[in-house]
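Here's the structure we're looking at; comments come further down.
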Amino acid sequence: MANLHCEQLLRQMTTREKLAQLLQVTPISIGYHLLTDLTGPDAGLRLQAQDARRVGSLLNCAGAEVTRSLQKDFLASNPQGIPLLFMADVLHGFRTIFPVPLAMGCTFAPALAEQAASIAASESAASGIHVVFAPMADLVRDPRWGRVTESFGEDPLLCGLFAAAMVLGYQGRDVCQEGRVAACVKHFAGYGAPEGGREYAAAELSESTFSEMYLPPYQAAIQAGAKMVMASFNAMGGVPATANRRLLEDVLRKAWGFTGCIISDYNAVDELRFHGVATDGQSAAARALQAGIQIEMMSTHFLDHGESLLQQGEWTHEGLDEAVLSVLELKAELGLFENPYKDASTQQEQKLHLCEPHRAFARECAQKAPVLLKNENAALPISSNEPFCLSGPFADDPHVLGAWSAGCTDGVSLMRGLQDAGASAIHHIPMQPLQSMQNGPFQPVLSYAATLKASPPDTQKIVLAIGEHQNDTGEGASKACLRLTSGQEELVRAAKALGKTVIAVVFSGRPLELSPILANCDAVLQAWFLGTESGNALADLLLGKASPSGKLCMSFPRSVGQIPVYYNQPRTGRPLSASSTRYASRYLDCPNEPLFPFGHGLAYGRCALKSIAWDDEETPLLRAEIAHESGLPYQETVQLYVRQEAASRSRPEKSLKGFLSVSLSPGDSHTLSFPIAQDMLTFPLDGAQVFEEGFFTFEVGFSSARTQALKRFISKEEFSKLKRSIQHA
Ligand code: GLC
C-alpha cells in the first residue's frame, strides 16, 4: 500500500487518534485480559475506552489465535480500520530456542545467526508477531552486567556483523513476505556500558570510544535495513538516550540516514523524571518528542499531554504527523492494511514451532557456540563406552534456554543428551538445581560437595555441570560478584580431592570468575545457555562426535577486580614489560591479562601457524600458512588484528579486522589470504573516518593473545589503491 493511503488516513485522524497511534501497551491496558510476560515494572496501565481502540501497537502478545481474534475485535471498533502492530522480544529464537547471542558470537559465524533469525522470524510470524525487539547491538565489556548475554561481545566488527546478519535474517528482502518480521535494533545507544556493570546505570564514555567502539554495531544494523530503532534507558553525559536529540536526530537520522521508526524502551519516557531531566509527565513527553521518539512504550504521556504540548507550541503538528506516518508506513510495509493478520496461522504454528529442521539447526548452532577453555590430561573427549561420573546442579536441569525464553519448552538437559547419544556408563549423582538470586541475594547455600563425597563411583572422570541460574542473567541481573555460588567451588575441589579427572561444563550467560576452580579442573567447557538442543549438542562435544570450535567474543576476567578487561584496550604511556619496574601499568596482586582472552578457544585438534608473509602481487595481501599438527579434525578460526603504531590520536592495542574459518583434518595444511582494505586502517575523528599514513602492525593468530606479527608502512598513495572494504566470513 502506497504512502498515499497513509497520508489519506492521516487526514482522517483526529489529534487524539494520532497521539494514540504512538502508544504501545500490553493487551490488558486496552481491556484484553490476556496474560503476557511483563518485561518491566507493572504500572497497571489501563486506557479509557475511547483511546483503547486507537492505540498503535501491542507489546509481547503472541499466538495465532490470540492475535487474530484480538486484531479482528480491535478493527471492528477502530474508526479508520488501522490495524495493531504486534511487537515482541525474540532475541535468540521464538519457540525453537538458539544459543544466547553471546554464545552465537563465539561461533564467529554471522551466517549462522542470520539463518537462526530467519527461523525465529518464521516461527514468530506464524504466531502473529510483526516486529521483534532484536538484534541487541550493544557492545559490552563488563560481565557484571546481566545483559551481556544478549550481546555479541566486546568487538565492534564482530558485533556489527552479527547484528546486521540478524536484521537480514529477520527481514529478508521484504518484510511483507510470509515468515518475515521487522527488526527493531536496540538499545541505542551505549546501554552496554553501565557504570559498575550496574543495570540502568549511566554510561560515561569518551566521544572517541563511543564513536569507535559502541556506535558501529548499531550503524551496521541500520545499514542492513533495520526498520525500527529502540532508544536505550541509559544516560550519557547527563542526557538519557530517550531525550537525546543529538543521538536520535543528528547521528541516527542525519548522519546515518535512518528513515524508520524510533521507539522508546519500556516506560523510559516516564523515567525521564527520575533521570532528572523532566519534572512531570508533560515535560517528559516534550523532551522525548523533541528528541525524536515516535512510539512511547508502556507509559502514556504522549497521549495525556500531546494536545497541551501542541497548543503551547512545545511540539508541532508536523512532528506529530511525521511520527504517525512512520508508524502507518511500517504497517503498510508489512502489508497489514491488506491483511491485518499477516502470517498468523495455527496451522503454521503447529508446522513450524520446534519442528525437526529447526531443532537440527539449533543443534548445529549449539554445537558451534561452546568454547573449550582448557583441556589437559586427555580429559576430553570422553569415549561413549567409557564409564564416567556426572554431577553438579545443571547435570539434569532442562532450564538452559537462557534469558528471554519465558514460556518456551524446556531444553534438553545434559543428562538426557548424553543418554540419547548412547553414553553407556554414566554414574549420575543427582544434585538439587541451583536457585535463582532473583528471589533475594541470600539463597540458602546448597552444599553440593557433601552429596558428592557420599557416593563417588569407581570412575576416573567426573563431569561437573555448574554455573549460574538462567534467571540471574539478562535484564535486571547485574552482579557485583561473579564467582560460582552455593558451594559449587567446593564441589570442584571435592571432586579433585577424590583423585578424579575433573571436567567442568559451565552454564552461564556471561563470563564468570573461574579462577578459583581452574587449577582443580582438567578441562573447562564454557557452555553458555545453548537453548532447546543444549544437552544434545553438549553430548556431541563431550563424546567427541564433534570438536568444540567456539572462540571467545568476550574476555574472561581473572577476578572482578580486573573489570573492565577487554582485548582492544587503549594504550598507556607506561606499558608493562619484562623489564618494567614499579612504575608500569599493572596491579600488585593480579596480572593484566584476562584469564581467557578474546578470540581464545581450544579444540580436540591443534594446528600450527607456520608463517605469515606479504604477497603484494596485486594488492597487499597477508598470507598465513597453517597446518594441522595433532589430534582430531576440527574447525579453526584464524583471526587478523591490526594496530596503528602512532597517529594523531592514540590507537587501541589491537583491533580485529578479519577472520577466516577453516576445517582441518590430520595432515591438512592451508594457505589463508587476508586482503588488506581501507576500512581496516581508518579511525573515526570528528565524525569522519580518517587515514593517517604510518607503520601498522598486522597480527594473525588463533586468539587475540596468540599471534604472529608483521609491521608495515602504509603510505597515502598505497592506501588510495586499496579496496574500500572486504566481505567477512
Ligand atoms: C525491556 C528491555 C527491552 C525490551 C523491552 C520490551 O525493558 O529493555 O530490551 O525489548 O523492555 O520488552
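The values are calculated or read from the model by the stated rules, or taken from the named source; none is laboratory data. Just so it is clear, the structure is predicted and the values come from calculations on it, not from any experiment. Cβ atoms come from the backbone with ideal geometry, glycine included; neighbour counts cover every protein chain shown. Ligands, DNA and RNA are excluded from the accessible area calculation, which covers all protein heavy atoms including side chains. Shrake-Rupley method; radii C 1.70, N 1.55, O 1.52, S 1.80 Å.
On a C-alpha basis, how far is the centre of region 1-69 from the centre of region 587-627 in Å? Whole number, if you could?
Between the Cα centre of region 1-69 and that of region 587-627, the gap is 52 Å.
Where Lys and Arg each count +1 and Asp and Glu each count -1, what net charge lies around residue 689 among other residues with Cβ under 14 Å from its Cβ?
Numbers: positive: 649, 651, 657, 724; negative: 212, 679, 686, 692.
Neighbour charge sum, excluding residue 689 itself: 0.
For residue 545, give me every one of the lysines with a C-alpha distance below 17 angstrom, ignoring sequence neighbours fewer than eight places off in its own chain.
Hits, sequence-local ones excluded: 368.
Within a Cβ distance under 9 Å of residue 537, other residues only, what is the Lys/Arg minus Asp/Glu net charge?
On the way: positive: 363, 368; negative: 364, 533, 540.
Every neighbour counted, the sum reads -1.
Check which residues have an amide H placed less than 5 Å from residue 694's amide H, if you skip close sequence neighbours.
For residue 694, whose amide H was placed from the backbone, the distant partners under 5 Å are 714.
Given Cα pairs under 8 Å that are at least 6 residues apart, what percent is the relative contact order of the chain? List each step's numbers first, then the result.
Values: 1770 pairs, mean separation 94.2, N = 729.
Worked out over the chain, it gives 13 percent.
What whole-number value in Å² describes the accessible area per residue of region 294-356 for a 1.4 Å probe? Walk me through the numbers on the way to the answer.
Numbers: 2610 Å² over 63 residues.
Spelled out: the 1.4 Å probe surface of region 294-356, per residue, equals 41 Å².
Assign one of three labels to region 191-323, namely rounded, prolate or oblate, based on the Cα gyration tensor with a ≥ b ≥ c the square roots of its eigenvalues; rounded applies when a/c is under 1.5, prolate when it is not and a/b is larger than b/c, and oblate otherwise.
Values: a/c = 2.06, a/b = 1.31, b/c = 1.57.
Verdict is oblate for region 191-323.
Note the angle between two axes, namely the Cα long axis of helix 3-12 and the longest principal axis of the Cα atoms of the chain, as a number of degrees from 0 to 90, rounded to the nearest 10.
The angle comes out near 50 degrees.
Using the heavy atoms of the protein chains alone and a 1.4 angstrom probe, what is the accessible area of region 584-651 per residue in square angstrom?
On the way: 3180 Å² over 68 residues.
On a per-residue basis, region 584-651 sits at 47 Å².
If you average the sequence gap of Cα pairs under 8 Å that are 6 or more apart and divide by the length of region 226-379, what percent do you get for the contact order?
On the way: 159 pairs, mean separation 28.5, N = 154.
About 19 percent, as a whole number.
Given the options 6, 44, 67, identify the residue whose Cα lies farthest towards the positive end of the charge dipole of region 5-96 (+1 on Cβ of Lys, Arg; -1 on Cβ of Asp, Glu).
The Cα lying farthest towards the positive end belongs to 6.
Find the centroid of the Cα atoms in region 203-280 and in region 398-474, then give the distance between the two in whole Å.
A separation of 39 Å, based on Cα centres.
Starting from the Cα of residue 18, draw a straight line to each of the lysines and keep only those under 18 Å, dropping any in the same chain fewer than 8 residues away.
By straight Cα distance, residue 18 reaches 331.
According to the Kirkwood expression over distinct Cα-Cα pairs, how big is the hydrodynamic radius of region 257-315, in Å? Numbers along the way, then the final one.
Values: mean 1/r = 0.0878 Å⁻¹.
Kirkwood radius, region 257-315: 11.4 Å.
Round to the nearest 0.05 the FRET efficiency obtained for residue 709 and residue 580 when R0 = 22 Å and r is the Cβ-Cβ distance. Could you put the intermediate results ahead of the total?
Working: r = 21 Å, r/R0 = 0.93.
My answer for the efficiency is 0.60.
Once you mark the trypsin sites (Lys or Arg not before Pro) that are in a DSSP loop and have at most 10 other Cβ atoms within 10 Å, what is the longest gap between them in the chain? The partial results should precede the final answer.
Details: sites that count: 173, 582, 724.
That would be 174-581.
Treating the beta-carbon of each Lys and Arg as +1 and of each Asp and Glu as -1, no other charges, what is the dipole magnitude of region 306-349 about its Cα centre, to the nearest 20 debye?
On the way: 2 positive and 10 negative charges, 32 e Å.
Here the size comes out at about 160 debye.
Determine the sum of side-chain charges near residue 668: Lys and Arg each +1, Asp and Glu each -1, restricted to other residues whose C-beta is under 11 angstrom from that of residue 668.
On the way: positive: none; negative: 629, 636.
Residues near residue 668 contribute -2 overall.
So, with +1 on the Cβ of K and R and -1 on the Cβ of D and E, and no other charges, what is the size of the charge dipole of region 631-729 about its Cα centre, to the nearest 20 debye?
On the way: 12 positive and 11 negative charges, 14 e Å.
Around 60 debye, computed over region 631-729.
Kindly write out, for region 244-249 in residue order, the coupling ³J(HN,Hα) from the Karplus curve 6.51 cos²θ - 1.76 cosθ + 1.60 (θ = phi - 60°), rounded to whole Hz, with x marking Gly and Pro.
These are the phi-based 3J(HN,Hα) values: 9, 5, 4, 6, 7, 9 Hz.
Give a residue-ordered list of calculated ³J(HN,Hα) values for region 708-715 (Karplus: 6.51 cos²θ - 1.76 cosθ + 1.60, θ = phi - 60°; whole Hz; x for Gly, Pro).
Listing the rounded values in order: 10, 10, 9, 9, 8, 8, 10, 8 Hz.
Apply the a/c threshold of 1.5 to the C-alpha gyration tensor of region 449-546 and tell me whether it is rounded, prolate or oblate. List each step's numbers first, then the result.
Details: a/c = 2.05, a/b = 1.24, b/c = 1.65.
Oblate.
With viscosity set to 1.306 mPa s at 10 °C, what whole-number translational diffusion coefficient in µm²/s follows for region 1-152 from Stokes-Einstein and a Kirkwood radius over Cα pairs? Before the final figure, lay out the partial values.
Details: Rh = 17.3 Å.
Answer, rounded: 92 µm²/s.
Within region 609-649, list the residues whose amide N lies under 20 Å from a label point set 7 Å along Cα→Cβ of residue 671.
Residues passing the 20 Å test: 609-629, 638-640.
Over the alpha-carbon set of the chain, work out the extent along each principal axis and list the three values in angstrom, largest first.
Cα spread of the chain along its principal axes, largest to smallest: 75, 66, 46 Å.
Could you tell me which of 134, 149, 55 has its Cα farthest along the dipole of the chain towards the positive end, charges placed at Cβ (Lys, Arg +1; Asp, Glu -1), taken about the Cα centre?
Positive-most Cα among the choices belongs to 149.
How long are the semi-axes of the equivalent ellipsoid of region 390-487, defined as square roots of 5 times the Cα gyration tensor eigenvalues? Whole Å, largest first.
In descending order the semi-axes read 25, 19, 9 Å.
If you put +1 on each Lys and Arg Cβ and -1 on each Asp and Glu Cβ, how big is the dipole of the chain around its Cα centre, in Debye rounded to 20?
The calculated dipole for the chain is roughly 1080 debye.
Taking the dipole about the Cα centre of the chain, with the C-beta of Lys and Arg at +1 and of Asp and Glu at -1, give me whichever of 536, 234, 279 is farthest to the positive side.
536
Through the Karplus equation 6.51 cos²θ - 1.76 cosθ + 1.60, θ set to phi - 60°, convert the phi angles of region 55-68 into ³J(HN,Hα) values in whole Hz; use x for Gly and Pro.
With coefficients 6.51, -1.76 and 1.60, one gets 5, x, 7, 10, 10, 6, 10, 9, x, 4, 5, 4, 5, 5 Hz.
What are the residues whose amide H is under 5 Å from the amide H of residue 97, where those residues sit 5 or more places off or on another chain and H is modelled from the backbone?
Those qualifying (amide H under 5 Å, at least 5 residues apart or on another chain) are 532.
Quick check on the chain: helices-only [θ] at 222 nm, where DSSP H runs of length 4 and up contribute -39,500 (n - 2.57) each and the sum goes over total residues. Nearest 500, please. Spell out each step's value before the answer.
Values: 20 runs with 187 residues, N = 729.
After summing the helix terms and dividing by the residues of the chain, the value is -7500 deg cm²/dmol.
Taking amide H atoms as placed 1.01 Å from N in the peptide plane, list the residues 5 or more away in sequence, or in a different chain, whose amide H sits under 5 Å from that of residue 552.
It is 599, 600, 601, by chain and number.
What FRET efficiency comes out for the pair residue 572/residue 685, r = Cβ-Cβ distance, R0 = 25 Å, nearest 0.05?
0.75
Take the alpha carbon gyration tensor of region 384-433, find the square roots of its eigenvalues, order them as a ≥ b ≥ c, and report rounded if a/c is under 1.5; if not, report prolate when a/b exceeds b/c, else oblate. Spell out each step's value before the answer.
On the way: a/c = 3.81, a/b = 1.87, b/c = 2.04.
Taking the square roots of the gyration eigenvalues as a ≥ b ≥ c, region 384-433 is oblate.
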